[in-house]
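Structure first, commentary second.
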Amino acid sequence: MKKLFALALTLFCLTSCSGMKEKIQKALNKATEKESAEGTEAKDDAKLCIFGSMDEKPVLWVGGKQVILSDESKNLSMEDADGTTLAALVDGNDIYALCEQDKKLILYSNNTATILDNVWTASAARIVMQNGKPAVYASVTDDNGNSTVFRYADGLKSTIVDSKVLEGFMIRNLTVLDGKLYGTANTMSQFGEAAVLVEGRITQLEPVWSDAHKVIVDGANVVVCGRRCTDPDGFSDAEEADNPSAAALWRNGKAENLEANSEAVAYAKDGNDEYVLLVSSGDYDEEQGTFGNMKCTLWKNGKQTEVITEEQYIKIPLLSVDGGKVTIVVDESTSGEQPSYNVFVWRDGKKETIYSGLKETNIIGANF
């Protein structure tokens, strides 16, 4: 179990099985059949947004250039207080960024800032344009540890997913399609178990140790990518247990195992082609208590096609495929006495550096 637990920490620091498939299918059958996989295709002339934090302050790049939004009239700025950019969106000439700063949820609309809420913390968010105006969906947690998904639009705050529904779960990723909310979550148990949020209902996907990273809506299919234990019935929480695991996709709740000892961190659909990004680690170092360098590989229709990068730590905020053209955003870092950090965009084998230096980056999202 020491190896198992260390792998989970290294890759992404963050019931019974009976009747599970039936419950999942009932929740997932509501998925609409209107659009292709959300978030996997770039709009014409769209600018790529990359966001998160750098040296614990909100950061945002638009079209490869860093953007700092501020509102002098309210003495609010992305660079004045510690925090994170939880979501961002470019709509025409307008730039929107949602930041968590000083326990406040702040929406910057160009250089006009609006304090949406006071929060203890926020775990995931999404900005979408609805009727020509930005609407914010955010999973926030109060000082009692209760999580709720709220919608902020037109000056109003409404509850989308109640804290009772999310009791015992932590939201990791949110997406909105046709006004309907989807997300991934993990249970807050000792090791965590993968779960999916579909239109206000949360369903646990696995009975034991697992991860759910991102959710993609592809027509009538809801696809979750992550990692699962390949022998759940034989799972052991003993310290020295060596539980087998594999990267996984859950399609409408049904699990499909991919490569062993890896995680599926992103998924995209382009026509009839399916793309998956897998992250795996090297050998476990008993003395250091960590794994060796990670490797990120791109798979197309079940076969590995590219090695994207190898580094001590790798995080993938975005995989986008449009007409066979692949765009990947990578946040990676080296270890040692003086770690270095790199954020880059990989486009069909070519790397465009967004940032490289000593400031610590934590990129949590990217979109067109």
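Identify all residues within the stretch 178-192 that are part of a strand (DSSP E or B) and either open to solvent by less than 40 Å² (accessible area, probe 1.4 Å) or in contact with a Phe, Trp or Tyr (Cβ under 9 Å, 6 or more places away or on another chain) (or both); write none if there are none. Across the stretch 178-192, the qualifying residues are 181, 182, 183, 184, 185, 186, 187.
Restricting attention to the stretch 127-179, the residues that are within 15 Å of residue 195 (Cα to Cα) and aliphatic (A, V, I, L, M) total 6.
If you check residue 218 against the conditions, is it touching a strand residue (DSSP E or B) at 6+ places or on another chain (Cβ under 6 Å), open to solvent by less than 20 Å² (accessible area, probe 1.4 Å) and of a type in the set (D, E, K, R)? So residue 218 does not fit the description; no.
When the stretch 123-136 is filtered for residues that are modelled with pLDDT under 95 and surrounded by 21 or more Cβ atoms within 10 Å (Cβ to Cβ), only 123 remains. Picking from residues in the stretch 310-352 that are hydroxyl-bearing (Ser, Thr, Tyr) and farther than 19 Å from residue 294 by Cβ, the one that is surrounded by the fewest Cβ atoms within 10 Å (Cβ to Cβ) is 327.
Of all residues in the stretch 91-112, those satisfying the criterion of being in contact with a strand residue (DSSP E or B) (Cβ under 7 Å, 6 or more places away or on another chain) and either among the polar types (S, T, N, Q) or closer than 19 Å to residue 344 by Cα (or both) are 101, 109, 110, 111, 112. Taking residues in the stretch 43-72 that are at positive phi, and partners anywhere that are of a type in the set (Gly, Ala, Ser) and surrounded by 19 or more Cβ atoms within 10 Å (Cβ to Cβ), the pairs with Cβ atoms closer than 7 Å and at least 6 places apart or on different chains are 52/365. Apart from one condition, residue 207 fits all of (1) part of a strand (DSSP E or B); (2) open to solvent by less than 40 Å² (accessible area, probe 1.4 Å); (3) farther than 18 Å from residue 173 by Cβ; (4) not hydroxyl-bearing (Ser, Thr, Tyr); the exception is (1). The combined condition, being out of contact with any strand residue (DSSP E or B) (no Cβ under 6 Å at 6 or more places or on another chain) and open to solvent by 10 Å² or more (accessible area, probe 1.4 Å), is fulfilled by residue 238. When you check residue 114 against the structure, is it among the hydroxyl-bearing types (Ser, Thr, Tyr), surrounded by fewer than 19 Cβ atoms within 10 Å (Cβ to Cβ) and at pLDDT 95 or above, yes or no? When the stated conditions are applied, residue 114 passes them. Please go through the stretch 96-111 and give me each residue that is among the charged types (D, E, K, R) and open to solvent by less than 40 Å² (accessible area, probe 1.4 Å), ordered by number. Across the stretch 96-111, the qualifying residue is only 100.
Quick check, is residue 42 in contact with a Phe, Trp or Tyr (Cβ under 9 Å, 6 or more places away or on another chain), modelled with pLDDT under 95 and assigned to a loop (DSSP other than H, G, I, E, B)? Talk me through it step by step, then tell me what you get.
Values: in contact with a Phe, Trp or Tyr (Cβ under 9 Å, 6 or more places away or on another chain): yes; modelled with pLDDT under 95: yes; assigned to a loop (DSSP other than H, G, I, E, B): yes.
Considered against the rule, which asks whether it is in contact with a Phe, Trp or Tyr (Cβ under 9 Å, 6 or more places away or on another chain), modelled with pLDDT under 95 and assigned to a loop (DSSP other than H, G, I, E, B), residue 42 comes out as yes.
The set of residues in the stretch 141-153 that are modelled with pLDDT under 95 and charged (D, E, K, R) comprises 142, 143. In the condition set (1) at pLDDT 95 or above; (2) at negative phi; (3) touching a strand residue (DSSP E or B) at 6+ places or on another chain (Cβ under 7 Å), residue 301 is compliant with all but (2).
The values are calculated or read from the model by the stated rules, or taken from the named source; none is laboratory data. Keep in mind that this is a model prediction, so the values were computed, not measured. Using ideal geometry, Cβ is built from the backbone for each residue, glycine included, and neighbour counts are taken over all protein chains shown. What goes into the accessible areas is simple: the full protein's heavy atoms, side chains included, and nothing from ligands, DNA or RNA. Shrake-Rupley method; radii C 1.70, N 1.55, O 1.52, S 1.80 Å.
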